[in-house]
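Inspection log for the structure reproduced underneath, given as structure tokens.
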Amino acid sequence: MKRSNVMPAALALAAVLALAVTSAGAAPRKRAPAHPKPIPVKPVVENPIADLPFPKFDRGPQVASACTAGLEGAMLRVKELEKRKPGADWLQGWEALYDWEEDQSGPLIFLENVHPTAEVRAEAEKCDQRWSDFQSALGLNALVWNGAKQSVAALKDPVDRRAAQLALEAFEDSGVALPRDKQARAKAIADKLASLSQQFNRNIRDARTRVPFTEAELKGVPDSVWKDQPRDADGKVTLPIDGPAYATVMQTAEDPGARERLWRAKTNEGGPDNLKALAQIEQLRLEQAKLFGLASYDEFVLRRRMVETPARAAKFLDDVHAAVADDDRHDTAELRDAKARHLGQPLEVTRLQRWDTMFYSERLLRDRYAVDDEAFRPYFPPQESLRFVMRVAEKMFGVRYDRIDGTWWAPEVQAWAVTDVASNRKIATLYVDPYPRDGKYNHAAVWNFRNGASSVPRQAQSALVVNFDRRGLSLRELETLMHEFGHTLRNNLSATRYASDAGENVAQDFAEAPSQMLEDWVYDKKVLKVFQDVCPACKPVPDDLVDKARAARDFGKGMLVARQQLYAIYDLALHGPTAPDPMETWEKMEAATPLGYVAGTTFPSGFAHVAGGYGAGYYGYLWSQAVATDMRSAFGADKLDPKVGARYRATVLGEGAQKPPQQVVKDFLGRDGSPQAFFEYLKK
Ligand SMILES: [Zn+2]
């Protein structure tokens with residue numbers, strides 16, 4: 001559960017051919033790093049066939065022709081697959097198609113989010129749409145579907161059989177087994193949903209909303225946040241509603257009117273067009289589920305997830321609500337009290353507003369724990385922070401990260417070779433795009449655009465996209481980095497037979513768990529000592545600062561978890577057996593919370609998760625947090641224990657989707673998974 005919005009996710013035939021994209025809260029700005037001295041290494045055994053260079057594009061037309069070549073190659077492979085014999089032969093052809101698609105579309109579509117040239121980004125986005133059309137057509141290919149069906153029956157080996165089974169399920173979900181008229185409708189719906197979701201994200205991304213402020217209105221906000229921001233014709237500072245400025249202003253601006261304006265602009269992002277799009281998305285999803293003979297889109301989606309049914313998801317969310325409701329009310333009352341004291345007014349006349357919560361949380365945090373997240377920046381320089389998370393993985397999982405010389409899609413982008421120490425073989429490449437720039441994706445996210453496989457063989461590749469503050473990271477930003485880095489580990493250390501089973505091709509409600517588990521690592525003093533390994537010259541972060549941060553970490557937990565729970569039940573409500581109006585539903589549900597609904601706001605217009613690949617899936621953040629808490633318990637007091645790390649690498653990271661998630665968790669823990677540890681944490 002990262003507290004942020006965002007995350008475009010591929011639609012259509014998602015389970016088979018989508019690229020894993022994951023995101024979390026963001027990080028920002030300055031300070032030039034020194035590259036740490038490399039640790040002397042043995043030469044790595046290269047396997048050039050298994051690797052692939054990152055493609056270089058300077059102009060739009062290059063992207064368009066690469067896109068066409070990729071699609072043509074994919075179509076040839078489909079033709080060839082249609083003729084294959086069910087069983088091992090079919091599976092080999094299927095995986096060849098999968099690998100081809102990843103190699104051709106993965107890095108190219110990724111560039112939509114990071115390439116410095118607008119023309120390249122625009123062509124990449126077009127290519128994204130073309131691949132999505134290809135996928136929905138493939139999903140309705142009866143010959144290939146038949147091949148999958150017969151292969152499931154023919155294959156005896158459990159890993160082979162599961163790979164074919166997952167392919168078969170994806171075909172069934174795209175409607176290939178439906179009668180012809182329904183099938184055509186299912187395809188039309190899938191295409192329309194893909195374009196509506198793209199449009200929804202575009203409306204948020206391209207609005208470039210900025211809110212003007214006088215310098216006086218920004219009292220309390222650090223100069224560094226606004227001094228270099230553009231001014232409007234009246235000389236007012238204009239601040240964007242995305243990126244790091246937003247949180248800082250909400251936490252520090254003394255002027256409630258300033259906070260309110262920024263908060264309203266943020267809460268209304270996407271605007272009325274997105275509300276219309278969301279209503280349409282909902283209707284289409286319900287119609288889609290009904291074509292399959294199911295009562296709701298929830299049911300359609302969850303039958304393929306770890307949670308399995310809407311009833312189980314709802315029960316879990318009810319239990320979460322029961323666990324945090326008192327804390328939510330208590331946290332709200334505390335903030336209201338803090339506001340009354342701050343303004344020197346009686347409590348009875350004090351009303352806590354939504355744009356007050358971050359501001360008073362920050363003040364209470366400082367008063368109570370004397371923690372200033374900014375105080376961590378000098379201890380965590382950006383480049384060393386990156387080396388730090390890598391070093392943690394090196395200690396836990398028996399791998400090594402070595403910088404690769406070269407230039408990639410933008411200046412300052414880095415590439416790292418990930419080597420398995422025991423075999424001294426390079427197993428993956430990790431790209432890192434560390435600093436903000438115009439036109440770049442402005443949160444923190446990972447694109448696992450190439451999955452590894454042992455049968456081919458084939459090396460994994462992923463890209464970690466962050467927006468580091470050059471002055472250094474705050475502890476929260478270090479936590480975000482650890483979380484995102486966890487997504488790259490899932491890709492880089494996957495050891496499955498087939499790429500289609502690898503890394504994060506797991507059920508969506510299991511995908512976040514390993515990353516969420518690792519967030520805790522940055523609050524551990526022993527783990528933080530690893531920083532001196534990678535930066536002997538860095539001053540160690542003082543123990544008492546970490547102690548306070550750890551005590552402060554769970555501050556406001558009731559309120560935050562209650563908010564996530566609200567998002568999750570809202571998402572499920574939209575995707576139940578009726579398709580209720582998105583705004584009316586939101587208004588009613590938010591009105592029932594301690595802070596109520598604020599008239600004139602349209603939160604759902606910016607709720608990109610629900611319009612994209614997280615529709616009927618938002619509960620997964622809390623669900624997988626429960627799984628993460630459960631798995632974390634195996635590490636006990638020593639989070640760097642290489643023995644537990646090795647078991648985790650083998651059973652969880654290594655297995656990917658080769659086994660059902662319940663089984664993966666059980667293999668690691670040596671018992672069935674349980675949400676008990678999570679509920680205990682919530683009630684603490
Ligand atoms: Zn994540």
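The values are calculated or read from the model by the stated rules, or taken from the named source; none is laboratory data. All figures in this text were calculated on a predicted structure; none of them were measured in a lab. Cβ placement follows ideal geometry from the backbone for every residue including glycine, while neighbour counts extend to all protein chains displayed.
Within the bounds of segment 444-454, is there any residue that is over 22 Å from the mean Cα position of the chain (by Cα) and either more than 30 Å from LEU262 (Cα to Cα) or not polar (S, T, N, Q) (or both)?
If we filter segment 444-454 for residues that are over 22 Å from the mean Cα position of the chain (by Cα), which is where we start, we get 453-454.
With the extra rule that they be either more than 30 Å from LEU262 (Cα to Cα) or not polar (S, T, N, Q) (or both), the set shrinks to 453-454.
Yes; the residues of segment 444-454 include at least one that is over 22 Å from the mean Cα position of the chain (by Cα) and either more than 30 Å from LEU262 (Cα to Cα) or not polar (S, T, N, Q) (or both).
The set of residues from segment 79-91 being in a helix (DSSP H, G or I) and touching a residue at least 24 places away in the same chain (Cβ under 8 Å) comprises LEU81, GLU82, ALA88, TRP90, LEU91.
Residue count for segment 550-565 under the criterion of being under 30 Å from PHE292 (Cβ atoms) and surrounded by fewer than 19 Cβ atoms within 10 Å (Cβ to Cβ): the result is 0. Residue count for segment 312-339 under the criterion of being closer than 17 Å to LYS683 by Cα and buried (at least 18 other Cβ atoms within 10 Å of the Cβ): the result is 9.
If you go through segment 222-233 and keep only what is over 23 Å from THR480 (Cα atoms) and either assigned to a loop (DSSP other than H, G, I, E, B) or aromatic (Phe, Trp, Tyr) (or both), you end up with TRP226, LYS227, ASP228, GLN229, PRO230, ASP232, ALA233.
Report yes if some residue within segment 591-599 is in a helix (DSSP H, G or I) and farther than 23 Å from THR488 by Cα; otherwise report no. For segment 591-599, residues in a helix (DSSP H, G or I) and farther than 23 Å from THR488 by Cα: present.
Apart from one condition, LYS440 fits all of (1) away from the ligand (no atom under 16 Å from the Cβ); (2) buried (at least 23 other Cβ atoms within 10 Å of the Cβ); (3) of a type outside the set (A, V, I, L, M); the exception is (2).
Within the option set PHE603, PHE679, PHE635, being farther than 17 Å from GLN516 by Cα and either of a type in the set (Phe, Trp, Tyr) or in the same structural domain as GLN199 (by TED's automatic domain parsing) (or both) holds for one residue only, PHE603.
Report yes if some residue within segment 185-193 is touching a residue at least 12 places away in the same chain (Cβ under 8 Å), in contact with a Ser or Thr (Cβ under 9 Å, 6 or more places away or on another chain), surrounded by fewer than 16 Cβ atoms within 10 Å (Cβ to Cβ) and not basic (Lys, Arg); otherwise report no. Lay out the reasoning, then the answer.
So in segment 185-193, the residues touching a residue at least 12 places away in the same chain (Cβ under 8 Å) come out as 185-187, 189-193.
Those left that are additionally in contact with a Ser or Thr (Cβ under 9 Å, 6 or more places away or on another chain): 186-187, 190-191.
Now narrow it down to the ones that are surrounded by fewer than 16 Cβ atoms within 10 Å (Cβ to Cβ): none.
Scanning segment 185-193, I find no residue that is touching a residue at least 12 places away in the same chain (Cβ under 8 Å), in contact with a Ser or Thr (Cβ under 9 Å, 6 or more places away or on another chain), surrounded by fewer than 16 Cβ atoms within 10 Å (Cβ to Cβ) and not basic (Lys, Arg), so the answer is no.
Residues of segment 199-244 that are under 23 Å from the mean Cα position of the chain (by Cα) and in contact (Cβ under 8 Å) with a residue 40 or more places away in the chain: GLN199, PHE200, ASN201, ASN203, ILE204, ALA207, ASP242, GLY243, PRO244. Reported count of residues in segment 340-389, each being in contact with a strand residue (DSSP E or B) (Cβ under 8 Å, 6 or more places away or on another chain) and surrounded by fewer than 22 Cβ atoms within 10 Å (Cβ to Cβ), is 0.
Results for (1) within 30 Å of HIS575 (Cα to Cα); (2) part of a loop (DSSP other than H, G, I, E, B); (3) out of contact with any helix residue (DSSP H, G or I) (no Cβ under 7 Å at 6 or more places or on another chain); (4) among the hydrophobic types (A, V, I, L, M, F, W, C), shown as yes or no for each residue.
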site: LYS192; (1), (2), (3), (4): yes, no, no, no
site: GLY235; (1), (2), (3), (4): no, yes, yes, no
site: THR238; (1), (2), (3), (4): no, no, yes, no
site: TYR246; (1), (2), (3), (4): no, no, no, no
site: ALA258; (1), (2), (3), (4): no, no, no, yes
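Once segment 213-233 is narrowed to residues that are among the β-branched types (Val, Ile, Thr) and in contact with a helix residue (DSSP H, G or I) (Cβ under 7 Å, 6 or more places away or on another chain), the residue that is modelled with the lowest pLDDT is VAL225.
A Cβ distance below 7 Å, combined with a sequence gap of six or more or placement on separate chains, defines the contacts here; from segment 263-290, residues that are free of Cβ contacts under 8 Å to residues at least 24 places away in the same chain reach residues that are part of a helix (DSSP H, G or I) in the pairs ALA289/TYR297; ALA289/GLU299; ALA289/PHE300.
Being among the hydroxyl-bearing types (Ser, Thr, Tyr) and assigned to a strand (DSSP E or B) is true of THR429.
The residue of segment 418-437 that is surrounded by the most Cβ atoms within 10 Å (Cβ to Cβ), among those that are of a type in the set (D, E, K, R) and under 18 Å from ARG470 (Cα atoms), is ASP433.
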